[in-house]
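This report refers to the structure that appears directly beneath it.
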Amino acid sequence: MSTRKPKRIGILTAGGDSPGLNAAIRAVGKAAIGTHGWQVIGFRDGFLGLVENRWEELYKDGLSGILTVGGTVLGTSREKPHRMKIKGETRDLTGTIVANCRKLRLDALVCIGGGGTHKNALRLVEKGLPIITLPKTIDNDVALTDATIGFDTALGIATEAVDRLHSTAHSHHRIILAEIMGHRAGWLALGAGIAGGADVILLPEIPYDAKNVAAAIARRSQRGLNFSIVAVAEGALPREDAAAFAVAKRYLEHARDAHEKARAKEEIAALEARHSGHSLRLAKQLEQLTGLESRVSILGYVQRGGTPSAVDRLLGTRLGTACVDFIAAGQFGIMVAARGDGVKAVPIKDVAGCLKTVPPNHQWVEAARRVGTCLGD
Ligand code: F6P
């Protein structure tokens, strides 16, 4: 009989919620408790729960019935350990997190999250915590993994929206712009645009010219098709804005002192503020350029809500159970990545700060062009 003490592991979800998180929590919990007899505790609201010591033990029975539920039963937040807002004050509470993990005698801490979570996780790895991460985000922009938990569900929702917008655009002879989430990556807009048969797809990775979009719409009108659907990523940029962002980012990279750095950051913030509402501005421009009435549907948080798809439940379950195997093998400082039908442990340091954007020559981009979709370039 083994005399080894059962492990105690913690789990949290951080960043924006996404469908399939509960499948992953359930998988980690059931495999850890059921296969190994470990104790599992769930922290509330991401890293905030770790700082505030808000957690509860997860039992096998309590993990039943959550597989099909959207969101995260643990709650989430975008709080960063090194810049945590507590009672109106911003403080570095990394030390508190390390101390709390040690007090709780955690053998492992599983952090399920996207780009921000990986940067935060790396800071904790560097402080010596035994961290292991799982990739989730509807944006699909986490490096070194084929897929992220939540993307497939959001893709289905956005595709259905693009489908539905067709009939109303057709009936009213309108241009309808569907603004699709994805932050600085165009995966969701590109995937839903292709699957939903959008006539134009605009991505952050391919700066657009409104005149090119209008010309594509005009060509459709000449063919007797006087309606069009534009799938526009929330981060899509007109050429001139993309150029201004590039200049500001270069300025930030080469800033020689704190003053220059602050100025570059201010410039980026101003550009970001100007960017909000860009779909509405583009709709107006297209109306003027084509003479067709234009409308905008911002799909927003609907894309993140509700029942996870079978693919996301499967992905959450695969990554969650594999995560427990890596913990059992004593492998930390890694993200459990999806690779083909299998999984791969990749160092968190290789993931943190690396955004996976759409390569302009990606096969999805080529496929969209081949079926005659305008990409605005
Ligand atoms: O990262 C997921 C995401 O939904 C992005 O697509 C979007 O830009 C962002 O989160 C919205 O963030 P918040 O939930 O903080 O408004």
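Since every read-out is calculated from the coordinates, none of them should be taken as a lab result. Please read all numbers here as calculations on a predicted model, not as lab measurements. Using ideal geometry, Cβ is built from the backbone for each residue, glycine included, and neighbour counts are taken over all protein chains shown.
Would you mind calculating the relative contact order of region 155-304 from Cα pairs under 8 angstrom and at least 6 residues apart, reporting the percent as a whole number? In percent, rounded to a whole number, it is 33. Taking Pro135, Pro359, Pro207 in turn, the Gaussian network model of the chain (Cα-Cα springs below 10 Å) assigns the largest fluctuation to Pro359. Placing a label point 7 Å from the Cα of Arg8 along the Cα-to-Cβ direction, the residues of region 97-125 whose backbone N falls under 13 Å of that point are 100-109. Build a GNM of the chain with springs between Cα atoms under 10 Å apart, and of Asp139, Asp92, Asp17 the one that fluctuates most is Asp92.
Computed 3J(HN,Hα) for region 175-186, one whole-Hz value per residue from the Karplus formula 6.51 cos²θ - 1.76 cosθ + 1.60 where θ = phi - 60°, is 9, 10, 9, 9, 8, 10, 5, x, 6, 8, 10, x, glycine and proline marked x.
If you run the Gaussian network model on the chain, springs between alpha carbon atoms under 10 Å, then out of Glu234, Glu52, Glu205 the most flexible one is Glu52. Extension gain, Ser171-Glu89: 0.36 nm per intervening residue step, less the Cα-Cα distance, totals 24.2 nm.
Size descriptors for region 82-204 (Cα atoms only): Rg and Dmax, in that order, 20.1, 64 Å. Residues whose amide H comes within less than 5 Å of that of Leu202, counting only those at least five positions distant or on another chain, are Ala231, Val232, Ala233 (H built at 1.01 Å from N in the peptide plane).
What is the distance in Å between the Cα centroid of region 269-303 and that of region 67-130? Using only Cα atoms to place each centre, the spacing works out to 36 Å. For Lys349, the aspartates and glutamates whose Cα comes closer than 17 Å to its Cα, not counting residues fewer than 8 places off in the same chain, are Glu126, Asp141.
Over every Cα atom in the chain, the radius of gyration and the widest Cα-Cα span, Dmax, amount to 22.6, 80 Å. Here Tyr301, Tyr251 are placed in order of increasing Cβ neighbour count within 10 Å, fewest first, which gives Tyr301, Tyr251. For Lys349 and His82, the difference between the fully extended length at 0.36 nm per residue and the C-alpha to C-alpha distance is 94.4 nm. Sort region 76-119 into rounded, prolate or oblate with this rule: let a ≥ b ≥ c be the square roots of the eigenvalues of the Cα gyration tensor; rounded if a/c is under 1.5, and if a/c is not under 1.5, prolate when a/b is larger than b/c, oblate otherwise. Because a/c hits 1.5 or more and a/b fails to exceed b/c, region 76-119 counts as oblate. Note on Val311 and His36: the extension gain reaches 96.4 nm, defined as 0.36 nm multiplied by sequence separation minus the Cα-Cα distance. Each label was represented as a point 7 Å from its Cα along the Cα-to-Cβ direction; for Arg223 and His254 these points are 4.5 nm apart. The calculated FRET efficiency for Glu366 paired with Ala262, based on their beta-carbon distance and R0 = 41 Å, is about 0.50. Here region 17-107 is described by how far its Cα atoms reach on the three principal axes: 40, 29, 14 Å, from widest to narrowest. Classify region 256-377 as rounded, prolate or oblate, taking a ≥ b ≥ c as the square roots of the eigenvalues of its Cα gyration tensor: rounded when a/c is under 1.5, otherwise prolate if a/b is larger than b/c and oblate if not. Taking the square roots of the gyration eigenvalues as a ≥ b ≥ c, region 256-377 is oblate. Give me the compactness ratio for region 155-304, meaning the Cα radius of gyration over 2.2 N^0.38 Å. The value comes to 1.14. Taking the Cα centre of the chain as reference, the dipole from Cβ charges on Lys and Arg (+1) and Asp and Glu (-1) amounts to some 840 debye. Taking amide H as placed 1.01 Å from N in the peptide plane, the amide H of Val142 sits under 5 Å from that of Lys356, each at least 5 places away or on another chain.
Note on region 160-176 and region 317-377: Cα centroid distance 33 Å, given to the nearest whole angstrom.
Scanning residues 5 or more positions from Arg78 or on other chains, those with amide H under 5 Å from its amide H are Gly15, with H placed 1.01 Å from N in the peptide plane.
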